[in-house]
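Asker: Let me begin by handing over the structure; questions about it come next.
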Amino acid sequence: MLLFQEALNLISRNVKQLAAVKVSLQKSVGMILAENLCSRIAMPPFNKSAMDGYALCACDVEKVPVTLRCLTSIEAGISFNKTIRAGECAKIMTGAPIPKGADSVVMVEYTQQIKDSVCILKKVIKKENVCVKGEDIKINQKVLSEGRKISVSDISLIAAIGRSHIKAIGKPRVAVLNTGGEIIPPGKKLVKNKIYNSNGLQLQALLLADNIEPVFLGIAKDKPKDLEQAIRKGLECDVLLISGGVSMGDYDLVPAILKKCNVRKIFHKVKIKPGKPLFFGKRKNAIVFGIPGNPVSNFLTYQVFIRPALSKMMGKKPYGPKFSEGIIEKAFHHKAGRKHFIPAKISKKGVNYYVTPIESHGSADVLALSRADGFMVVEADRRVVKAKSKVKFIIWEK
Ligand code: AMP
Ligand code: MG
């Protein structure tokens, strides 16, 4: 059976980065920039007042108090075309252009205006309370480099240099299909022998958390016709996630229907616990994951295989899940055989992480999953993890 790392490598080999697309700024957070962003303008674009106050020449207020003649009031967005001369000033608003002849601004709090005259009570030095043209960004300055993951704090910068759209690596269209005659949607009355669809909402939530709008295809019965129809629809997307129907039961029909739909199997089954029956295939540029139906298997395979695949498509680096190392509090006995991912509590004390496995009834135990912070990882051949020894884990954000 395929080892974990081999499966991860096969996925990487079969998944390509998507092409760059034009995207509006407010939708670009988390995407990878596909161009170097250079500013065509200086920031600020003109000398502007940083305060509400009076624009004047610092040399006129070397001795205070001093009374100056106020020529006008300059509003933001409007320019005053006369020059401020010795003994004169202009009232000015924050963001308004500094008039010719003035080199600084005295805050309104340090002044007293009487009709056309203003008494200045405080000295200023040259350029005080003035944002000088180009002091933040020079013309043609590169402000962000290709390959950057766009963060919320980049948005005001990109907008400030006048861009409403940017080029970024595209996002995949991802379809979610749940299968099983026993599966009914949450919100409906539970009837005999049925079980609520945990995976549909879970996979959609995971995708949304990864900034991807899912295409939900609903629940298909374990009937060839139903499955084929839904799968064909899903194959119109870049990625199709199918939960259930990939194991060894009489009604696990997904691999056969995928074959009928010309999906080429890359692998089926990985030496991991849970998640062993995982299927991965490809048709043209579309990739398909067939995920074993239990919710913990869905969650785990998303974290360790599906998210890395989607991240690679979206141009994110490095590839693969992030493993960290912690210290296990109590000894853990492990039935050797497959690489085992166990829901665990993980806490940081000082520089170390401490890992405590959660008692779980297996891959259907959604309560254990919800109580966990991550998965402790035990290698296939390890029988005992001794108390206080090192252990690998992966963690997700709560
Ligand atoms: P399967 O992979 O279809 O053999 O399903 C394995 C187990 O997971 C069975 O007990 C199913 O009832 C359960 N299961 C399958 N799909 C879901 C789902 N969408 N939500 C919750 N449990 C599921
Ligand atoms: Mg099933």
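Asker: Can you pull out every residue in the stretch 361-381 that is open to solvent by 50 Å² or more (accessible area, probe 1.4 Å) and either among the small types (Gly, Ala, Ser) or under 14 Å from HIS340 (Cβ atoms) (or both)?
Answerer: If the condition is that a residue be open to solvent by 50 Å² or more (accessible area, probe 1.4 Å) and either among the small types (Gly, Ala, Ser) or under 14 Å from HIS340 (Cβ atoms) (or both), then ALA364, SER370, GLU379, ASP381 are the ones that fit.
Asker: Only one of (1) under 23 Å from LEU227 (Cβ atoms); (2) surrounded by fewer than 16 Cβ atoms within 10 Å (Cβ to Cβ) fails for ILE291. Which number is that?
Answerer: Only one criterion in (1) under 23 Å from LEU227 (Cβ atoms); (2) surrounded by fewer than 16 Cβ atoms within 10 Å (Cβ to Cβ) is unmet by ILE291, namely (2).
Asker: Report whether or not TYR319 is open to solvent by 30 Å² or more (accessible area, probe 1.4 Å) and either in the same structural domain as SER360 (by TED's automatic domain parsing) or within 24 Å of the chain's Cα centre (by Cα) (or both).
Answerer: yes
Asker: Could you figure out which of (1) touching a residue at least 60 places away in the same chain (Cβ under 8 Å); (2) over 23 Å from PRO172 (Cα atoms); (3) open to solvent by less than 10 Å² (accessible area, probe 1.4 Å) isn't true of ILE242?
Answerer: (2)
Asker: Is it the case that the stretch 137-147 has a residue that's of a type in the set (Gly, Ala, Ser), surrounded by fewer than 13 Cβ atoms within 10 Å (Cβ to Cβ) and within 30 Å of GLY162 (Cα to Cα)?
Answerer: Scanning the stretch 137-147, I find at least one residue that is of a type in the set (Gly, Ala, Ser), surrounded by fewer than 13 Cβ atoms within 10 Å (Cβ to Cβ) and within 30 Å of GLY162 (Cα to Cα), so the answer is yes.
Asker: Restricted to the stretch 57-112, and to residues that are among the hydroxyl-bearing types (Ser, Thr, Tyr) and open to solvent by 40 Å² or more (accessible area, probe 1.4 Å), which residue is nearest to the chain's Cα centre (by Cα)?
Answerer: THR94
Asker: Is there a residue being over 15 Å from the mean Cα position of the chain (by Cα), within 15 Å of ligand 2 (Cβ to nearest atom) and either within 16 Å of LYS339 (Cα to Cα) or open to solvent by 10 Å² or more (accessible area, probe 1.4 Å) (or both) anywhere in the stretch 277-287?
Answerer: Yes, there is a match, as at least one residue in the stretch 277-287 is over 15 Å from the mean Cα position of the chain (by Cα), within 15 Å of ligand 2 (Cβ to nearest atom) and either within 16 Å of LYS339 (Cα to Cα) or open to solvent by 10 Å² or more (accessible area, probe 1.4 Å) (or both).
Asker: Kindly list, by first and then second residue, each pair from a residue in the stretch 346-357 that is open to solvent by less than 70 Å² (accessible area, probe 1.4 Å) to a residue that is not in a strand (DSSP E or B), limited to pairs with Cβ atoms under 6 Å and residues at least 6 apart or on different chains.
Answerer: Final answer for the pair search is ILE346/ASP373; TYR354/GLU329; THR356/GLU329.
Asker: Being within 15 Å of ligand 2 (Cβ to nearest atom) and either part of a loop (DSSP other than H, G, I, E, B) or of a type in the set (Phe, Trp, Tyr) (or both) is the filter here, so list the residues in the stretch 238-274 that pass it.
Answerer: GLY244, GLY245, VAL246, SER247, MET248, GLY249, ASP250, TYR251, ASP252, LEU253, PRO274
Asker: Right, next: As an exercise: evaluate SER117 against (1) in contact with an Asp or Glu (Cβ under 8 Å, 6 or more places away or on another chain); (2) surrounded by fewer than 21 Cβ atoms within 10 Å (Cβ to Cβ) and give the number of the one condition it does not meet.
Answerer: (1)
Asker: Within the stretch 245-270, track down each residue that is open to solvent by 100 Å² or more (accessible area, probe 1.4 Å) and within 15 Å of ligand 1 (Cβ to nearest atom).
Answerer: MET248, ASP250, TYR251
Asker: Then there's this: Hey, could you check the stretch 165-184 for residues that are in contact (Cβ under 8 Å) with a residue 24 or more places away in the chain and more than 23 Å from CYS237 (Cα to Cα) and say which is nearest to ligand 1 (Cβ to nearest atom)?
Answerer: So, considering only residues that are in contact (Cβ under 8 Å) with a residue 24 or more places away in the chain and more than 23 Å from CYS237 (Cα to Cα), the one nearest to ligand 1 (Cβ to nearest atom) is ILE183.
Asker: Separate question: Residues that are more than 16 Å from ligand 2 (Cβ to nearest atom) and assigned by TED's automatic domain parsing to the domain that holds ILE139: which helices (runs of 4 or more DSSP H) entirely in the stretch 151-237 hold 3 or more of them?
Answerer: In the stretch 151-237, 155-160 are the helices (runs of 4 or more DSSP H) which contain 3 or more residues that are more than 16 Å from ligand 2 (Cβ to nearest atom) and assigned by TED's automatic domain parsing to the domain that holds ILE139.
The values are calculated or read from the model by the stated rules, or taken from the named source; none is laboratory data. Here the structure is a predicted model, which means the values were calculated and not measured. Quick reminder, even Gly has a Cβ in these numbers, built from the backbone with ideal geometry, and neighbours come from all protein chains shown. Keep in mind that these areas ignore ligands, DNA and RNA; they rest on the heavy atoms of the full protein, side chains included. Shrake-Rupley method; radii C 1.70, N 1.55, O 1.52, S 1.80 Å.
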